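The values are calculated or read from the model by the stated rules, or taken from the named source; none is laboratory data. Just so it is clear, the structure is predicted and the values come from calculations on it, not from any experiment. Counting neighbours? That spans all protein chains shown, and the Cβs are built from the backbone with ideal geometry, glycine included.
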Amino acid sequence: MRPAADVRTHSAPTVQADPARWDGLEHAPRSAFRARIAEVLFRRAVRPLDVRITLPDGSTLGAGGPDAPEMRLHRPAAFFHRLGVDAKIGFGEAYMVGDWTSDALAEVLTPFAERMATLVPPALQRFRRFVDRRQPSTEKNTVDGARSNIHRHYDLSNDLFGTFLDETMMYSSALFAEGDDLTTAQYRKIDGVLDYAGVGPGSEVLEIGTGWGELAIRAARRGAKVTSLTISEEQQVLAQQRIAAAGLSGSVDVRLCDYRHSTGEYDAVVSVEMIEAVGAAYWPTFYDTIGKRLRPGGRFGLQAITMPHDRMLAASDSYTWIHKYIFPGGLIPSTDSVKAGISGSTNLRLDAVREFGQDYARTLCEWRERFNSRWSEVADLGFDEMFRRMWEFYLAYSEAGFRSGYLNVHQFGFTKPAH
């Protein structure tokens, strides 16, 4: 197995983080009325939370005692102005610019995630449609739009991802058993998907979403022939290099190709945490493509981040901090939507399912620790302090979602009837 450090030498950073995304962030937009409303709602929302929010004068908010995770509110006025302008974006931006800090970021965010659905009083939720920003039409996942959205995240720099991922370069939840380290747990996750898809010697496999190639390598080592699709140029280059280094170029074909342009029939289709980037409007097309690419008797192995169905519906057109800074155009599905989408667009039947959301919390925690411990290497790639706080918030915010149960992750196994 190759150490992550060796992998990182194969590709240089290209896009970096676009500083234009935070031009002007240091100056909070001003709206005294909305800031006052935001402050009232925030104080009410945190009253029952097991956190300790410390203000500059030493006073505290929240229900947490001295040992509770602490959120230090350094610039309350700017913080509440940001919340007043757009709470779903302003809370994270306030962390990015230092309006508030914490030495236990995931622990502070977890109580917020646990009460996500009730932070805003029910009587006021009816007004959300008047204040919620909608996802911009420029970020819809058309063929061109999907490529642009993926470029903004996955093409940041292969070397960046190499600083915090383990040697598998898997950027998705590991599946832990007792005693596993992260790499072992990542292989366990890959094997779970491949087993659900029935991948073995002689299998012809279509992978939708290459990542950096480790699943394709693992499938090829089982004796499969793999066609792997990606729309990230940076990932394609490094995946091909890693596959060649493994001596498997003859068994794996990595194509720069949108799933909608795929052709042929396969014994198995696999996809790991790619569906979140498809967009709800295109889920029927995605599922229909799976059905068309599978031979009769073929199997589909899917790994997906999931959320409760009612929360998915509520979030379906909202524009959040995650959309603005991390994953433009994305939507996390529910298990109900996956099952309904498959049954509505294909004749596949569900054979197996497993969930392991707490394993994702652990995976994210390890990534964040690696990122922070190797920050000097990230900085040497050209990323600035604003990016550091953005990425730290992203990883901790995601970890809190899984710790709280607001988010989950599932593997599904489907089969196409033989006749």
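Only one of (1) polar (S, T, N, Q); (2) touching a Phe, Trp or Tyr at 6+ places or on another chain (Cβ under 8 Å); (3) modelled with pLDDT under 95 fails for Ser137. Which number is that?
Single failed check for Ser137: (2).
Is it the case that Gly329 is at positive phi and either touching a residue at least 60 places away in the same chain (Cβ under 8 Å) or in the same structural domain as Ala304 (by TED's automatic domain parsing) (or both)?
When the stated conditions are applied, Gly329 passes them.
Name the one entry in Gly209, Gly192 that is assigned by TED's automatic domain parsing to the domain that holds Arg293, closer than 29 Å to Pro296 by Cβ, surrounded by fewer than 22 Cβ atoms within 10 Å (Cβ to Cβ) and in contact (Cβ under 8 Å) with a residue 12 or more places away in the chain.
Gly192
Go through (1) closer than 25 Å to Ala314 by Cα; (2) modelled with pLDDT under 95 for Leu407 and report which single condition fails.
Here Leu407 meets the rest and fails (2).
Consider Val272 against the criteria (1) surrounded by fewer than 24 Cβ atoms within 10 Å (Cβ to Cβ); (2) closer than 18 Å to His410 by Cβ: it satisfies all of them except one. Which criterion is unmet?
The failed condition is (1).
Here is a list of conditions, (1) aliphatic (A, V, I, L, M); (2) over 27 Å from Phe356 (Cα atoms); (3) surrounded by fewer than 20 Cβ atoms within 10 Å (Cβ to Cβ), and Leu313 meets all of them except one; can you say which number that is?
(2)
On the phi > 0 side of the Ramachandran plot and assigned by TED's automatic domain parsing to the domain that holds Ser337, is that true of Gly301?
Taking the combined requirement at face value, the residue does not satisfy it.
Hey, any hits in segment 347-355 for a residue that's at negative phi and part of a helix (DSSP H, G or I)?
Scanning segment 347-355, I find no residue that is at negative phi and part of a helix (DSSP H, G or I), so the answer is no.
Here is a yes/no grid of residues against (1) closer than 29 Å to Ser157 by Cβ; (2) of a type outside the set (A, V, I, L, M, F, W, C):
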{"residue": "Ala361", "(1), (2)": "yes, no"}
{"residue": "Trp375", "(1), (2)": "yes, no"}
{"residue": "Val378", "(1), (2)": "yes, no"}
{"residue": "Asn408", "(1), (2)": "no, yes"}
{"residue": "Phe414", "(1), (2)": "no, no"}
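Taking segment 352-397 as the region of interest, how many residues are of a type in the set (D, E, K, R) and farther than 30 Å from Ala177 by Cα?
Final tally of qualifying residues: 6.
Which ones in segment 363-419 are in contact with a Ser or Thr (Cβ under 6 Å, 6 or more places away or on another chain) and among the acidic types (Asp, Glu)?
Glu377, the sole residue that qualifies.
Quick grid of which residues meet (1) assigned by TED's automatic domain parsing to the domain that holds Gly401; (2) closer than 24 Å to Leu395 by Cβ; (3) at pLDDT 85 or above:
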site	(1), (2), (3)
Gln125	no, no, no
Val143	yes, no, yes
Asn149	yes, yes, no
Ser157	yes, yes, yes
Thr163	yes, yes, yes
Tyr171	yes, yes, yes
Thr184	yes, yes, yes
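Please determine, by comparing only the residues of segment 244-266 that are in contact with a helix residue (DSSP H, G or I) (Cβ under 6 Å, 6 or more places away or on another chain) and among the aliphatic types (A, V, I, L, M), which one is surrounded by the most Cβ atoms within 10 Å (Cβ to Cβ).
It comes out as Val252.
If a residue must be touching a Leu at 6+ places or on another chain (Cβ under 9 Å) and either part of a strand (DSSP E or B) or on the phi > 0 side of the Ramachandran plot (or both), how many such residues does segment 227-269 contain?
Within segment 227-269, residues that are touching a Leu at 6+ places or on another chain (Cβ under 9 Å) and either part of a strand (DSSP E or B) or on the phi > 0 side of the Ramachandran plot (or both) number 12.
With (1) modelled with pLDDT under 95; (2) touching a Lys or Arg at 6+ places or on another chain (Cβ under 7 Å); (3) of a type in the set (D, E, K, R) as the list, and Arg36 as the residue in question, which single condition is left unmet?
(2)
Tell me, yes or no, whether segment 217-226 has at least one residue that is at pLDDT 95 or above, under 21 Å from the mean Cα position of the chain (by Cα) and crowded, with 19+ Cβ neighbours inside 10 Å.
No, because not a single residue in segment 217-226 is at pLDDT 95 or above, under 21 Å from the mean Cα position of the chain (by Cα) and crowded, with 19+ Cβ neighbours inside 10 Å.
Being touching a Ser or Thr at 6+ places or on another chain (Cβ under 8 Å) and over 27 Å from Phe383 (Cα atoms) is the requirement here; does Gly223 meet it?
Yes; evaluated as a whole, the condition is true for this residue.
Name, by its number, the condition in (1) among the hydroxyl-bearing types (Ser, Thr, Tyr); (2) crowded, with 18+ Cβ neighbours inside 10 Å; (3) part of a helix (DSSP H, G or I) that does not hold for Thr285.
(2)
Does Leu109 meet the test of being part of a helix (DSSP H, G or I), crowded, with 16+ Cβ neighbours inside 10 Å and at pLDDT 95 or above?
yes
Can you find, within segment 283-338, the residue that is nearest to Gly413 (Cα to Cα) among those that are modelled with pLDDT of 95 or more and of a type in the set (Phe, Trp, Tyr)?
If we take residues in segment 283-338 being modelled with pLDDT of 95 or more and of a type in the set (Phe, Trp, Tyr), then Phe300 is nearest to Gly413 (Cα to Cα).
Conditions (1) crowded, with 19+ Cβ neighbours inside 10 Å; (2) free of Cβ contacts under 8 Å to residues at least 60 places away in the same chain; (3) touching a His at 6+ places or on another chain (Cβ under 7 Å); (4) among the aliphatic types (A, V, I, L, M), marked per residue:
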{"residue": "Cys365", "(1), (2), (3), (4)": "no, no, no, no"}
{"residue": "Asn372", "(1), (2), (3), (4)": "no, yes, no, no"}
{"residue": "Asp380", "(1), (2), (3), (4)": "no, yes, no, no"}
{"residue": "Phe383", "(1), (2), (3), (4)": "yes, no, no, no"}
{"residue": "Phe393", "(1), (2), (3), (4)": "yes, no, no, no"}
{"residue": "Ala400", "(1), (2), (3), (4)": "yes, no, no, yes"}
{"residue": "Phe412", "(1), (2), (3), (4)": "yes, no, no, no"}
{"residue": "Pro417", "(1), (2), (3), (4)": "no, no, no, no"}
